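A short write-up of the structure that comes next.
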Amino acid sequence: GEDVEQSLFLSVREGDSSVINCTYTDSSSTYLYWYKQEPGAGLQLLTYIFSNMDMKQDQRLTVLLNKKDKHLSLRIADTQTGDSAIYFCAENYGTNAGNMLTFGGGTRLMVKP
Amino acid sequence: DAGITQSPRHKVTETGTPVTLRCHQTENHRYMYWYRQDPGHGLRLIHYSYGVKDTDKGEVSDGYSVSRSKTEDFLLTLESATSSQTSVYFCATGTDTNYGYTFGSGTRLTVV
């Protein structure tokens, strides 16, 4: 696996858009993922994008992938207080023991009313 | 996630005692993983399994062992717990597709 970097913290006002950024280093990654972790819970898969795509939209979530710069972002439109959580990006890499994921350190999103 | 159960959910133990954490899945997923989550470190892979009795080390495997005697159960053992092993431990499962992992709800372990 390779390094995946994220900023630690993001604060937005309710109703605004949130953009969480991630950089990765493994150019051979075929899939990139966004997970959400609410307090006291495990990680929940939000969405993923195949590496030959530039963008993927799923309701309020938009994932942008810049493969040249190895930059991934997650945009949450009309952010709600229920979106407050830690968001992890992850990249996959293949091994002889199957598909493995490397996770970033997580970005804590705080949504203010 | 209803298909993955971690037990116990919380545990306090003394330094030097053995501890076993259990992960049970009903997903019939081939791959299983143990991670620990610590502030400032994100998720770090401890051990993983790619089939019954097939396991391998992750990046932070020292002080930990695992066993997988059947598809649905993956056990993580701390042979002699230390305070540095105080953490939240997550189990995850995966398949041969690229649709990511499914995570359990975690075990909060405190070593005093």
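The values are calculated or read from the model by the stated rules, or taken from the named source; none is laboratory data. Not measured: the values here are computed from a predicted model. We place every Cβ from the backbone using ideal geometry, glycine too, and count neighbours over all the protein chains shown.
Scanning the range B:76-112 for residues that are part of a strand (DSSP E or B), without any contact (Cβ under 8 Å) to a residue 60 or more places away in the chain and closer than 29 Å to A:TYR48 by Cα gives B:LEU76, B:SER87, B:VAL88. Here A:ASP69 meets the list (1) at pLDDT below 95; (2) under 22 Å from B:CYS91 (Cβ atoms) almost entirely, failing just condition (2). Only strands (runs of 3 or more DSSP E) whose full extent lies in chain A are considered here, and the ones with at least 2 residues that are touching a residue at least 12 places away in the same chain (Cβ under 8 Å) are A:4-6, A:9-13, A:18-24, A:31-37, A:43-50, A:61-66, A:71-76, A:85-95, A:98-103, A:107-112. Among the residues of the range A:41-82, those that are β-branched (Val, Ile, Thr) and more than 30 Å from B:THR107 (Cα to Cα) comprise A:THR62, A:VAL63. Exactly one residue among A:LYS36, A:LYS70, A:LYS56 is more than 14 Å from chain B (Cβ to nearest Cβ) and either closer than 23 Å to B:ASN98 by Cα or touching a helix residue (DSSP H, G or I) at 6+ places or on another chain (Cβ under 6 Å) (or both), and that residue is A:LYS70. Taken together, B:GLY40, B:GLY94, B:GLY100 contain a single residue that is modelled with pLDDT under 95, surrounded by fewer than 15 Cβ atoms within 10 Å (Cβ to Cβ) and within 13 Å of chain A (Cβ to nearest Cβ), which is B:GLY40.
Residue check: A:LEU45 meets all listed conditions (1) surrounded by fewer than 13 Cβ atoms within 10 Å (Cβ to Cβ); (2) facing chain B (nearest Cβ under 10 Å); (3) under 15 Å from the mean Cα position of the chain (by Cα) but one, namely (1). Pairs linking a residue in the range B:53-72 that is within 17 Å of B:ASN28 (Cα to Cα) and free of Cβ contacts under 8 Å to residues at least 60 places away in the same chain to a residue that is basic (Lys, Arg) and surrounded by 16 or more Cβ atoms within 10 Å (Cβ to Cβ), with Cβ atoms under 9 Å and 6 or more positions apart or on different chains, are B:LYS53/B:ARG68; B:ASP54/B:ARG68; B:THR55/B:ARG68; B:THR71/B:ARG30.
The set of residues in the range B:25-74 that are of a type in the set (A, V, I, L, M, F, W, C) and assigned to a strand (DSSP E or B) comprises B:MET32, B:TRP34, B:LEU43, B:LEU45, B:ILE46, B:VAL66, B:PHE74. Restricting attention to the range B:53-66 and to residues that are surrounded by 15 or more Cβ atoms within 10 Å (Cβ to Cβ) and closer than 20 Å to B:ILE4 by Cβ, the residue that is farthest from the other protein chains (Cβ to nearest Cβ) turns out to be B:TYR64.
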